[in-house]
Amino acid sequence: MKKLIQRMTGWDFIRMGKGIESRYARCADYWQPHLECSKAFVANNVREGGTLAVLGAGRLLDINLLELVARFDQIHLYDADPTVISSWKKKAGSAYGDKVFGHIEDVTGSLARWTRGLSRAGRAGKLKEYLSELEVGSGAWEHQGYDGVISLNIIGQLPLYWRDRVLNLNPQLNDDENAALQGSMGRLQIAHIEALNRVSSGWAIAISDTEYYTYRVDESSWTVDPALHGKSRDAFDDMLVESSGSCGEAWLWHLAPQFVESDTEGAIHRVEARAWFNSDTRS
Ligand SMILES: C[S@@+](CC[C@H](N)C(=O)[O-])C[C@H]1O[C@@H](n2cnc3c(N)ncnc32)[C@H](O)[C@@H]1O
């Protein structure tokens, strides 16, 4: 069981990361508008100078790293998937290790701890209680005093790894357990947004999926699922938008076009962007 948990806690990030990489290879043209909108929002809303953290940096598809290197003293990239390091080194070039630094870690600071107690709670029939009582910790990035932080298309994803770990060990949740799982997913997102708001001396940008649309080209209606759980939608909306990129504050990401990724359905994500500035950094 210990081995299984170890495999689950690192391999899920690698597996999902490889999935993003291969899907991008198949869908690059469809993704391009979203990637450009993300880059434009970041470019228009960063407050230049000092230190910057990028959370969910991944393969740096949705941010122009080199442009930012010229505008900051240091840039710290964060992701839980160790396979992204080669992309970071490639895109940063000689700046890697000089002005650009990589950190492979869980930005919620919670997933390893939460996962450790899962199987025991399931075996004891106490899953609902366990899930209900989980408290979110803090990620190491929160204690570094960065001047600016960008949460880069990660908030919608934060709870999905956790949800899958729970369902892998406990495939059949009852209604109470399912509600408790949903609650814990929302808490991960709210804590992340609150941490962005706490970047006390600086500024933060958050770009995130907010809704998932699933369509079939032969049907006139589509399904809508929320990407923000619990009160995280309100917390996200409470972040100020002071200016915006060329796409405004919301756009669509054609993630998985029907007949490219699947013959039976396609997926589009609604993406929204917010920027928060401490009053001292408004300029
Ligand atoms: C949709 S991707 C964002 C796109 C990414 N900026 C890129 O260009 O590849 C989300 C990224 O967040 C990372 N991620 C998800 N949950 C995380 C967590 N708890 N801690 C750190 N990274 C996480 C994933 O590994 C993935 O690289």
Worksheet item: Given the C-alpha centroids of segment 98-151 and segment 241-266, what is the distance between them in whole angstrom?
Response: 28
Practice prompt. Under 1.5 on a/c is rounded, so check that first for segment 213-283, then, if it is not, pick prolate when a/b is larger than b/c and oblate when it is not; a ≥ b ≥ c are the square roots of the alpha carbon gyration tensor eigenvalues.
Written response: prolate
Worksheet entry | Extension gain from N278 to S262, taking 0.36 nm per residue of separation minus the Cα-Cα distance | 1.3 nm
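Magnitude of the Cβ-charge dipole of segment 135-262, K/R +1 and D/E -1, about the Cα centre, nearest 20 debye? Walk me through the numbers before you get to the answer.
On the way: 7 positive and 19 negative charges, 51 e Å.
Here segment 135-262 has a charge dipole of around 240 debye.
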Response to the item:
Percent antiparallel among DSSP beta bridges confined to segment 210-283, rounded to 5, stands at 95
Item to complete: With a/c under 1.5 counting as rounded, go ahead and sort segment 54-185 into rounded, prolate or oblate using the C-alpha gyration tensor (a ≥ b ≥ c being the square roots of the eigenvalues; past the cut-off, prolate if a/b is larger than b/c, else oblate).
Response: prolate
Worksheet, complete the sentence: Taking the chain and a Cβ-Cβ threshold of 4.7 Å, the cysteines left without a partner are C27
Fill in: Nearest-20 debye value, segment 82-122 charge dipole, Cβ charges on Lys, Arg, Asp, Glu
80
Fill in: Most mobile listed residue (G102, G156, G125) in the chain, GNM with C-alpha springs under 10 Å
G125
Worksheet item: Can you give the percent of C-alpha pairs in segment 68-126 whose distance is more than 14 Å?
Response: 64
Worksheet entry | Added length on full extension, which subtracts the Cα-Cα distance from 0.36 nm per residue, H143 to A70 | 23.8 nm
Worksheet entry | Cross-link pairs K18/K90; K18/K231; K18/K99; K39/K231; K39/K99 - those with Cα-Cα distance over 23 Å | K18/K231; K18/K99; K39/K231
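Rounded to the nearest 500, what is the 222 nm mean residue ellipticity of the chain from helices alone, with -39500 (n - 2.57) per DSSP H run of 4+ residues and division by all residues?
-13000 deg cm²/dmol
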Item to complete: Putting +1 on Lys and Arg Cβ atoms and -1 on Asp and Glu Cβ atoms, find which of S221, P82, I20 reaches farthest to the positive end of the dipole of segment 2-281.
Response: P82
Practice prompt. Give, rounded to the nearest 20 debye, the magnitude of the charge dipole that the chain has about its Cα centre when Lys and Arg contribute +1 at Cβ and Asp and Glu contribute -1 at Cβ.
Written response: 1120
Worksheet item: Counting DSSP beta bridges with both partners in segment 2-281, what percentage is antiparallel, nearest 5?
Response: 50
Worksheet entry | Inter-probe distance in nm under a simple model that places probes 7 Å from Cα toward Cβ, at Q32 and R120 | 5.3
Worksheet item: Going 7 Å from the Cα of D237 toward and past its Cβ, which residues in segment 159-198 have a backbone nitrogen under 16 Å from where you end up?
Response: 190
Fill in: Dimensions (Å) - the chain, Cα atoms, principal axes, largest first
54, 48, 36
Practice prompt. Please give the length that would be gained between E21 and E194 if that part of the chain were fully extended, namely 0.36 nm times their separation in residues minus their C-alpha to C-alpha distance (nm, one decimal).
Written response: 59.3 nm
Worksheet item: Computed over the Cα atoms, what is the radius of gyration of segment 139-283 divided by 2.2 N^0.38 Å, N being its residue count?
Response: 1.19
Discussion item. Name the residue from I104, A267, L196 whose Cα lies farthest towards the positive end of the charge dipole of segment 2-281, charges +1 on Cβ of Lys and Arg and -1 on Cβ of Asp and Glu.
Written reply: I104
Response to the item:
Taking the dipole of the chain about the Cα centre (Lys, Arg +1; Asp, Glu -1; charges at Cβ), the one of Q32, G93, Q182 that reaches farthest to the positive side is G93
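Values in this text are rule-based calculations from the coordinates and carry no lab data. This structure is a prediction, so every number in the text was calculated from the model and none was measured. Please note: Cβ atoms are built from the backbone with ideal geometry, for glycine as well, and neighbour counts cover all protein chains shown.
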